[in-house]
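Notes follow once the structure below has been shown.
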């Protein structure tokens, strides 16, 4: 007797669409929104469509579709395998997840880099190829400034890989926007991809192209806020505590805009006036929460300084002098309240065993002190003598950063060791977040106490690395040139002020010299970055003279002058 023939079910190609509940049950999904009918009709809870929203059931509360799409981006956790990947692509994915994300995101946890990008990577082709391009550049192309130079007129294999996926990301993005009809999902994809482009171009030294991408991203954010009804006119708003994917995107763009503004790289949408702070808690639960509230205060501070600057140079009268003074008083009060909550929380931060948390908590204090100096000195904007009253606060910034460096040195002593004549490994020492550079640069530019400003410059040189637009070597060069211009008319030789250990705490005797007359002081600095890793940097210095605002000095640096010696990452991994 012949054995019965076993029937095989005809195989059908698996679909990547459908809700997660139906996928787990291996049944066909009707893909209705926000919850599929197949789940609802059987009383199940629909788990939605991955990072692009949906979910719930007919008995639960329904949220608007736009908000559902954003909240789902935060809750989706299960990545899908990447099919048909080459060995090179798999290596780039591994590198991105194991190394690049941590380095690029900085010492603070980032929902954007650690969660949102990964989620979108497995769902959206544009994001996937942008990640591969960025990972390739981070792994191979950023080992030195001249890595992207042509050999016999042809790009290297690594650069071809990077550009190939860069172009594919742009192509997929154009296709999606061609059929998006303004859908929020597609705008979110575009924003994620845009920030990856910004990061890639900064890493490759294409600063102007990166700035163009940043401007496009800020315009897209404005469109999202218009859809949500949370913004008016040309102002962007952000929240202290993230609630949606759009909030995560706003935070990362907002931080980059602040970073750019601090270095004279003003963006079209830099004014962040309508900012939702919310009530401060009695204690911060984490350094991330403390940082979220401080980010809002930094954005307001930068906006206040810019409005005061525009009023002083006569380019804007959007607010009266009395209104600016009221804004200044409110900002000072809010910064004081933040400090009270931070001090109540700091002991809990210090008990945590993570060196990253300890470093982050110290940097928060430095950034808060910088913001307070900016607020109390911004009206009138061109009163540079006002900074002489902030010597104690400038010293506090130096002390906090020295303390942070000592933590690093104790755990990773090799990080602060330089080997002259070798180039920095920029891929390993690159972050998109703000770190040590802004408060040290601000101190070196605005504090005229010789010991303090020189120590800020030396600390910038201590371990070369890059934060977004700026490298510590470039920041130290610019600050040193400002110091030279301001002190060139002095008859006193200040060379002896350079003889100190950069990691030594300044003593009272180091703070007594205040030598610079008001007329010697620079009011503003602008820096024009090149669109290429071997271009020129143009620094312009401005002063207020006879009621006007004029350029008094210009200096051109080549990027080769600012190639740092061997330096490694100053954000250790626990």
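The values are calculated or read from the model by the stated rules, or taken from the named source; none is laboratory data. Quick caveat, the model's predicted, so the values are computed rather than measured. Every residue, glycine as well, gets a Cβ built from its backbone with ideal geometry; the counts of neighbours run over all protein chains shown.
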### Message
I'd like to check something: does segment 81-91 contain any residue that is crowded, with 16+ Cβ neighbours inside 10 Å and either at pLDDT 80 or above or part of a loop (DSSP other than H, G, I, E, B) (or both)?
### Response
yes
### Query
Across segment 440-451, what is the total count of residues that are closer than 15 Å to residue 373 by Cα and part of a helix (DSSP H, G or I)?
7
### Task
Could you please find all residues in segment 407-428 being modelled with pLDDT of 75 or more and under 22 Å from residue 104 (Cα atoms)?
407, 408, 409
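Considering every residue within segment 197-213, establish whether at least one is closer than 23 Å to residue 293 by Cα, within 13 Å of the chain's Cα centre (by Cα) and at pLDDT 85 or above.
Step one: of segment 197-213, the residues closer than 23 Å to residue 293 by Cα are none.
No: zero hits.
Does residue 322 count as without any contact (Cβ under 8 Å) to a residue 60 or more places away in the chain, surrounded by 15 or more Cβ atoms within 10 Å (Cβ to Cβ) and assigned to a helix (DSSP H, G or I)?
On the way: without any contact (Cβ under 8 Å) to a residue 60 or more places away in the chain: yes; surrounded by 15 or more Cβ atoms within 10 Å (Cβ to Cβ): no; assigned to a helix (DSSP H, G or I): yes.
Here the answer is no, as residue 322 does not meet what is asked.
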### Residues located in segment 236-256, provided they are modelled with pLDDT under 80 and surrounded by 16 or more Cβ atoms within 10 Å (Cβ to Cβ)
236, 237, 238, 239, 240, 242, 244, 245, 246, 247
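Among the strands (runs of 3 or more DSSP E) confined wholly to segment 479-574, which include 3 or more residues that are under 23 Å from residue 206 (Cβ atoms), touching a helix residue (DSSP H, G or I) at 6+ places or on another chain (Cβ under 8 Å) and modelled with pLDDT of 75 or more?
On the way: elements: 524-528, 536-545, 548-558.
Passing ranges, in order: 536-545.
Taking only segment 103-124 into account, find how many residues are outside any loop (DSSP other than H, G, I, E, B) and either at positive phi or more than 13 Å from the chain's Cα centre (by Cα) (or both). I'd like the intermediate steps shown before the answer.
Initial filter on segment 103-124 (outside any loop (DSSP other than H, G, I, E, B)): 103-105, 111-121.
With the extra rule that they be either at positive phi or more than 13 Å from the chain's Cα centre (by Cα) (or both), the set shrinks to 114-121.
Total satisfying the criteria: 8.
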## Note on the structure
Just one listed residue, out of 404, 348, 360, 344, is assigned to a helix (DSSP H, G or I), within 19 Å of residue 258 (Cβ to Cβ) and at pLDDT below 95, and it is 360
### Task
Could you list, in sequence order, all residues of segment 1-53 that are under 22 Å from residue 245 (Cβ atoms), part of a loop (DSSP other than H, G, I, E, B) and modelled with pLDDT under 60?
16, 17, 53
